[in-house]
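> This is the structure, below, for whatever I ask next.
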Amino acid sequence: MPNEKLAITLSDNNQIKFTRPAVMGIVNCTPDSFTIHYSSQEEAISNARRIIEEGADILDLGGESSRPGSEPVSSEEELNRVIPVIENLRGFSNIPISIDTTKAIVAGKALTSGANIINDISAFAFDADMPGIAKRFDCPVIMMHIKGIPKSMQDAPHYDDVINEVSIYFSERIDFAVAQGIKREKLILDVGIGFGKRVEDNLKLIKYLKSFESFGLPLLLGASRKSFIGKITRAEVEDRVSGSLAVAAIAVNNGADIIRTHDVAQTRQAVDMAFALREA
């Protein structure tokens, strides 16, 4: 099995440890994501199996699209999309599972069903009950920077200094999380490529990713097939794999601990080579 020695381990107290940069494989349990989506639970499960075989270290399951312009769905719909998939996956794999949601009720039921990590694109800002869930389960939490909400976040976003502004945001959200009783060492930071960002903002965040190492927390980068790659390469979504791999390799060189991707097999090779070169 390609993932017999995962790049991450979760200890008995849910502390995440890295042996090398990890590859997070995306499993969109949605009919409306901007790229690969699965129209049925069976298709999502089948593709999750394939992603594990291709070498994923983490699976990231989401039941609500957060693409620019996307509309929210109800908690009931989101639960119907993700819980059966998590329960099925737990029947044959112990791979760490991240639940990509901003809803506390979804996160709680996903963790009860076998998920291990909360991936909250709002960094606890969209649901006041989410910090309580994170504290109760004492699980790792990915906190992402976002400017606005998915439906309107790409409506003329602007930064005077994107690195400084994202750093201030992280400082504030980390302080908030700790004040809510969440252990600081359980936090993972995601600079939010494409979430209320211009092309130049995305490029600066990737180039200067090491700036965020000062927080002493793991860094996640998710740029897979995103529109800024298309704007630079003029490639359509399905043809942005090469551009995504270039970003992944550079991000690993610049300190990324987790690369979130739609294309696990190719990204696994790029990440491993970038890490080997970084460590040589």
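The values are calculated or read from the model by the stated rules, or taken from the named source; none is laboratory data. Keep in mind that what you see is a predicted model, and the values were worked out from it rather than measured. Positions of Cβ are generated from backbone atoms using ideal geometry, with glycine treated the same way; all protein chains shown enter the neighbour counts. These area figures cover heavy atoms from the full protein model, side chains too; ligands, DNA and RNA do not enter into them. Shrake-Rupley method; radii C 1.70, N 1.55, O 1.52, S 1.80 Å.
> Can you find a residue that is open to solvent by less than 10 Å² (accessible area, probe 1.4 Å), touching a Ser or Thr at 6+ places or on another chain (Cβ under 6 Å) and not basic (Lys, Arg) anywhere in region 75-86? Talk me through it step by step, then tell me what you get.
At the first step, the residues of region 75-86 found to be open to solvent by less than 10 Å² (accessible area, probe 1.4 Å) are 78, 82, 85-86.
After this cut, where a residue has to be touching a Ser or Thr at 6+ places or on another chain (Cβ under 6 Å) as well, the list is 86.
So of that shortlist, the ones also not basic (Lys, Arg) come out as 86.
There is at least one residue in region 75-86 that is open to solvent by less than 10 Å² (accessible area, probe 1.4 Å), touching a Ser or Thr at 6+ places or on another chain (Cβ under 6 Å) and not basic (Lys, Arg).
Matching residues to (1) under 19 Å from Ile259 (Cβ atoms); (2) out of contact with any helix residue (DSSP H, G or I) (no Cβ under 8 Å at 6 or more places or on another chain):
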| site | (1), (2) |
| --- | --- |
| Leu89 | no, no |
| Ser93 | no, no |
| Ser98 | yes, yes |
| Ala104 | no, no |
| Ala115 | no, no |
| Lys135 | no, yes |
| Val141 | yes, no |
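> When you scan region 101-155, how many residues do you find that are among the charged types (D, E, K, R), in contact with an Asp or Glu (Cβ under 7 Å, 6 or more places away or on another chain) and surrounded by 17 or more Cβ atoms within 10 Å (Cβ to Cβ)? Steps first, answer last, please.
Initially, region 101-155 is screened for residues among the charged types (D, E, K, R), giving 103, 109, 120, 127, 129, 135-136, 138, 147, 151, 155.
Checking the rest, the ones that are also in contact with an Asp or Glu (Cβ under 7 Å, 6 or more places away or on another chain) come to 103, 151.
This time we only want the ones that are surrounded by 17 or more Cβ atoms within 10 Å (Cβ to Cβ), so: 103.
The number of residues fulfilling the criteria is 1.
> For region 266-280, give me each residue that is basic (Lys, Arg) and crowded, with 17+ Cβ neighbours inside 10 Å.
Passing the criteria: only Arg268.
Each row is one residue, and each column tells you yes or no for (1) open to solvent by less than 20 Å² (accessible area, probe 1.4 Å); (2) within 22 Å of Ala274 (Cα to Cα); (3) not acidic (Asp, Glu).
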residue	(1), (2), (3)
Leu205	yes, yes, yes
Leu209	yes, yes, yes
Leu219	yes, yes, yes
Ser227	no, no, yes
Arg234	no, no, yes
Arg240	no, yes, yes
Ala251	yes, yes, yes
Thr261	yes, yes, yes
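> Enumerate the pairs (first residue in region 148-162 and of a type in the set (D, E, K, R); second residue anywhere and surrounded by fewer than 10 Cβ atoms within 10 Å (Cβ to Cβ)) with beta-carbon separation below 8 Å, excluding pairs fewer than 6 apart on the same chain, so at least 6 apart or on different chains.
Final answer for the pair search is Lys151/Glu71.
> Output the qualifying pairs, or none if there are none: Cβ atoms under 9 angstrom, residues six or more apart or on different chains, first residue in region 226-245 and under 13 Å from Gln266 (Cβ atoms) and touching a residue at least 24 places away in the same chain (Cβ under 8 Å), second residue assigned to a helix (DSSP H, G or I) and open to solvent by 90 Å² or more (accessible area, probe 1.4 Å).
Here the result reads Leu245/Gln269, each pair linking region 226-245 to a residue that is assigned to a helix (DSSP H, G or I) and open to solvent by 90 Å² or more (accessible area, probe 1.4 Å).
> Looking at this structure, is Asn14 touching a Cys at 6+ places or on another chain (Cβ under 7 Å), farther than 14 Å from Leu89 by Cβ and modelled with pLDDT of 85 or more? Lay out the reasoning, then the answer.
On the way: touching a Cys at 6+ places or on another chain (Cβ under 7 Å): yes; farther than 14 Å from Leu89 by Cβ: yes; modelled with pLDDT of 85 or more: yes.
Yes, satisfied.
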